[in-house]
Amino acid sequence: MEEGSDRRYTLRADMFRALAHPVRIQMLEKLRDRTWCVCELASELGVEKSVASKHLSLLRNVGLVEDTRRGTLVEYRLVAPCILDMSACAETAVRANLRRRLETPPAEAQLAIR
């Protein structure tokens, strides 16, 4: 594999790791509608400000959000709203697959029916 391709896949893997926490996904969904300061977002999600700040820092490091500083206030905005479309698409596929698996009897039950 080419070095450029390796880097591209590493960047994608980093982005998916950043999505691997429910609080970070909630943050991205909140940020879809407007900018939020860390303290507001922490309060809205019921987490400590320091926890929210760490999650937002990780999202910023992978390029999903940007921050703007105004004195001591730091506001975040979503710069890649398409990530939420991808997330919704994946959720739909996973739910459909789960439904199919729940509706399909296990192999042992199918044999017993015959």
Quick one: among 52, 80, 13, which has the greatest mean-square fluctuation in a GNM of the chain with alpha-carbon springs under 10 angstrom? 13
Dividing the helical contributions, -39500 (n - 2.57) per DSSP H run of n ≥ 4, by the residues of the chain yields a 222 nm value, nearest 500 deg cm²/dmol, of -21500 deg cm²/dmol
What value does the range 1-80 have for Rg/Rh, both radii from Cα atoms and Rh as Kirkwood defines it? 1.04
So which residue, out of 99, 17, 69, gets the largest mean-square fluctuation from a GNM of the chain using Cα contacts under 10 Å as springs? 99
Computed for the chain: size of charge dipole around the Cα centre, +1 on C-beta of each Lys and Arg, -1 on C-beta of each Asp and Glu, debye to nearest 20, value 140 debye
Could you please report the charge total around residue 47, scoring K, R as +1 and D, E as -1 over all other residues with beta-carbon less than 13 angstrom from its beta-carbon? +1
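We did not get these values from a lab; they are worked out from the coordinates using the rules stated. The shown structure was predicted, so the numbers you read here are calculated from the model rather than taken from an experiment. Here Cβ is always computed from backbone atoms with ideal geometry, including for glycine, and neighbour counts include all displayed protein chains.
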